[in-house]
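Student: Provided herewith is a single structure, encoded as structure tokens, for subsequent inquiry.
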Amino acid sequence: MLKACLVTTTCYGSPEEMRFKLACKLVRKAQEIGLPIFVVDGSPDAREISFRLRVAGATVFRQQTDGMGPARSEVLRHAIEQDYEAIGWVEPEKHTLIQHIPTLMGPVITDQCDMVIPQRISLETYPAYQRDSELEANRELASITGRPDLDLMSGPRFMNRKAAEIMAAYDGEYGNNWEILFVPVLHMLKAGLRITSVPVPYEHPEEQRAEDDEAMRRKRDIQREVLVAAMKKAAAAINY
């Protein structure tokens with residue numbers, strides 16, 4: 001059986017933030033199912049945030065490079081350097097996903113595929129605007145990848161070492177925020193890596209179900225537009 005772990009990144013303004021408390025809950029749940037979890041943290045109050053994450057059970061590294069994308073690359077490299085062969089990237093607040101990790105990681109551990117992307121059976125527990133935005137983004141991304149079965153907007157990625165190395169090597173050419181979870185997938189598909197979709201009855205954390213305000217709606221619009229543009233450019237560059 002392959003040596004497996006989870007990885008994520010965090011950046012919080014205060015240990016009192018609800019999002020930070022959800023991240024600690026995710027770490028504790030990972031411990032309950034026996035999976036080590038590595039965290040690269042870029043919080044301003046690094047000492048207190050890191051301390052609480054360690055108490056919850058995480059191995060924490062201080063972020064060395066600026067930006068969301070570079071932080072994700074860093075945490076993947078930490079797992080690779082410690083010889084993990086099955087690596088799950090998870091969003092820090094989605095603690096309700098942890099119960100599905102054995103199902104999602106299983107095909108990677110048993111070498112049935114190189115990467116698993118969770119396919120959410122329903123998005124009914126999401127705020128309405130977020131749900132509609134992600135469904136639209138998935139439709140646009142499917143027109144680029146030719147893989148409508150892939151729920152790319154779900155976020156988490158479960159991968160073997162080969163796929164993790166490709167993702168960690170992303171250099172930000174098409175953007176340095178969310179793109180690291182998307183553009184490398186296109187390169188993997190082009191290279192013939194086995195990427196599969198596994199349906200899960202995921203439910204969004206109750207703490208994150210409030211409807212978006214106008215600022216958050218605009219952020220979601222920007223994210224969708226940026227990701228689709230990046231994927232189109234990347235696809236053209238590799239003649240996908």
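Student: Condition first: more than 22 Å from residue 181 (Cβ to Cβ) and not polar (S, T, N, Q). Now tell me which residues in the stretch 14-24 satisfy that.
Tutor: 15, 16, 17, 18, 21, 24
Student: Among the residues of the stretch 1-23, count how many are part of a loop (DSSP other than H, G, I, E, B) and buried (at least 19 other Cβ atoms within 10 Å of the Cβ).
Tutor: So the answer is 1.
Student: Here's something else I'd like to know. One residue is enough: does the stretch 35-55 have a residue meeting the conditions among the small types (Gly, Ala, Ser), crowded, with 19+ Cβ neighbours inside 10 Å, within 19 Å of the chain's Cα centre (by Cα) and under 22 Å from residue 177 (Cα atoms)?
Tutor: yes
Condition check ((1) of a type in the set (D, E, K, R); (2) farther than 21 Å from residue 236 by Cα; (3) under 16 Å from the mean Cα position of the chain (by Cα); (4) outside any helix (DSSP H, G or I)) across all residues:
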| position | (1), (2), (3), (4) |
| --- | --- |
| 102 | no, yes, no, no |
| 118 | no, yes, yes, yes |
| 124 | yes, yes, no, yes |
| 143 | no, no, no, no |
| 162 | yes, yes, no, no |
| 167 | no, no, yes, no |
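Student: Could we say that residue 150 is under 19 Å from residue 225 (Cα atoms) and in a loop (DSSP other than H, G, I, E, B) here?
Tutor: Working: under 19 Å from residue 225 (Cα atoms): yes; in a loop (DSSP other than H, G, I, E, B): yes.
So residue 150 fits the description; yes.
Each row is one residue, and each column tells you yes or no for (1) farther than 25 Å from residue 187 by Cα; (2) part of a helix (DSSP H, G or I); (3) modelled with pLDDT of 95 or more; (4) aliphatic (A, V, I, L, M).
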{"residue": "25", "(1), (2), (3), (4)": "yes, yes, yes, no"}
{"residue": "39", "(1), (2), (3), (4)": "yes, no, yes, yes"}
{"residue": "54", "(1), (2), (3), (4)": "yes, yes, yes, no"}
{"residue": "61", "(1), (2), (3), (4)": "yes, no, yes, no"}
{"residue": "73", "(1), (2), (3), (4)": "no, yes, yes, no"}
{"residue": "84", "(1), (2), (3), (4)": "no, no, yes, no"}
{"residue": "91", "(1), (2), (3), (4)": "no, no, yes, no"}
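Student: Only one of (1) assigned to a loop (DSSP other than H, G, I, E, B); (2) surrounded by fewer than 20 Cβ atoms within 10 Å (Cβ to Cβ) fails for residue 235. Which number is that?
Tutor: Exception for residue 235: condition (1).
Student: Restricting attention to the stretch 98-154, which residues are crowded, with 18+ Cβ neighbours inside 10 Å, within 21 Å of residue 167 (Cβ to Cβ) and small (Gly, Ala, Ser)?
Tutor: 137, 154
Student: Now a separate question. Those residues that are of a type in the set (D, E, K, R) and within 18 Å of the chain's Cα centre (by Cα), I need them from the stretch 1-20; list them, please.
Tutor: 19, the sole residue that qualifies.
The values are calculated or read from the model by the stated rules, or taken from the named source; none is laboratory data. None of the values given here were measured: they were computed from a predicted structure. Glycine gets a Cβ as well: all are built from the backbone with ideal geometry, and neighbour counts include every protein chain shown.
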